[in-house]
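The values are calculated or read from the model by the stated rules, or taken from the named source; none is laboratory data. All of these numbers come straight from a predicted model, not from anything done at the bench. Cβ placement follows ideal geometry from the backbone for every residue including glycine, while neighbour counts extend to all protein chains displayed.
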Amino acid sequence: MSVSAFFVILHTKCDEDNMKRYLFSIMMAATLLIGCATQQQRAERKEMMRKAVAEAVENRQMHIDIRSMNTLRYGSRTVTPDFYLELKGDTLRSYLPYLGQAYRDPMASPSEGLNFEARVLAVRESHPKKNLSRLEINVKTNEDSYFYSIELYDSGKAYILVRSQYRDPIGFDGELSDL
């Protein structure tokens, strides 16, 4: 192998190493730019959700899709996606599953469970934490009196606790959705 051939191979090798470094630098810069854009988009989505939650609480207009229920006696259960709780002004529409002990004979009146639409008797709003809004709602049906405590986080996540006069309490996890 001649000296000139050695320098050509060495020169080519140096160009390949420089090219690899150059490409690596470009890929790292692109990754950082994409990461910054994604972080900005996340912050914008978070702010939009915070505003949507504040508006829903202020206007008393919300639809919460239920993901799971937390029972006193039977633990936590995942539910099908068709259950919801909806508040529109002074009307509460509850389409929720119930699993627990009832303390009243269901033969005395046909059981509607937690599936009803009723006029809201009282609403109390509070903000116990910076990113949490709580609505406490009282409603009465032909069958029972209910107390709903709706905890709505700025992220759109919701926790609902339902207490009634003649049933075990039950909780639900869900998410705020568009009306």
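Could you tell me which of the residues Thr38, Thr71, Thr91, Thr78 is modelled with pLDDT of 85 or more, farther than 22 Å from Asp173 by Cβ and β-branched (Val, Ile, Thr)? Even if it seems obvious, please write down each step before you answer.
Details: Thr38 fails: modelled with pLDDT of 85 or more; Thr71 fails: farther than 22 Å from Asp173 by Cβ; Thr78 fails: farther than 22 Å from Asp173 by Cβ.
None of the other options fit; the residue is Thr91.
Hey, does segment 163-171 have a residue that's under 13 Å from the mean Cα position of the chain (by Cα) and part of a strand (DSSP E or B)? The answer is no; no qualifying residue exists.
Tell me the residue from Tyr159, Tyr74 that is surrounded by 12 or more Cβ atoms within 10 Å (Cβ to Cβ) and over 29 Å from Arg45 (Cβ atoms), please. Before you say what the answer is, go through the steps one by one.
Working: Tyr159 fails: over 29 Å from Arg45 (Cβ atoms).
Exactly one of Tyr159, Tyr74 is surrounded by 12 or more Cβ atoms within 10 Å (Cβ to Cβ) and over 29 Å from Arg45 (Cβ atoms), namely Tyr74.
Counting the residues of segment 64-81 that are outside any strand (DSSP E or B) and in contact (Cβ under 8 Å) with a residue 12 or more places away in the chain gives 5.
Return yes when Gln101 is loosely packed, with under 15 Cβ neighbours inside 10 Å, touching a residue at least 12 places away in the same chain (Cβ under 8 Å) and over 25 Å from Gln165 (Cβ atoms) and no when it is not. Reasoning before the result, please.
Numbers: loosely packed, with under 15 Cβ neighbours inside 10 Å: yes; touching a residue at least 12 places away in the same chain (Cβ under 8 Å): yes; over 25 Å from Gln165 (Cβ atoms): no.
So Gln101 fails the test.
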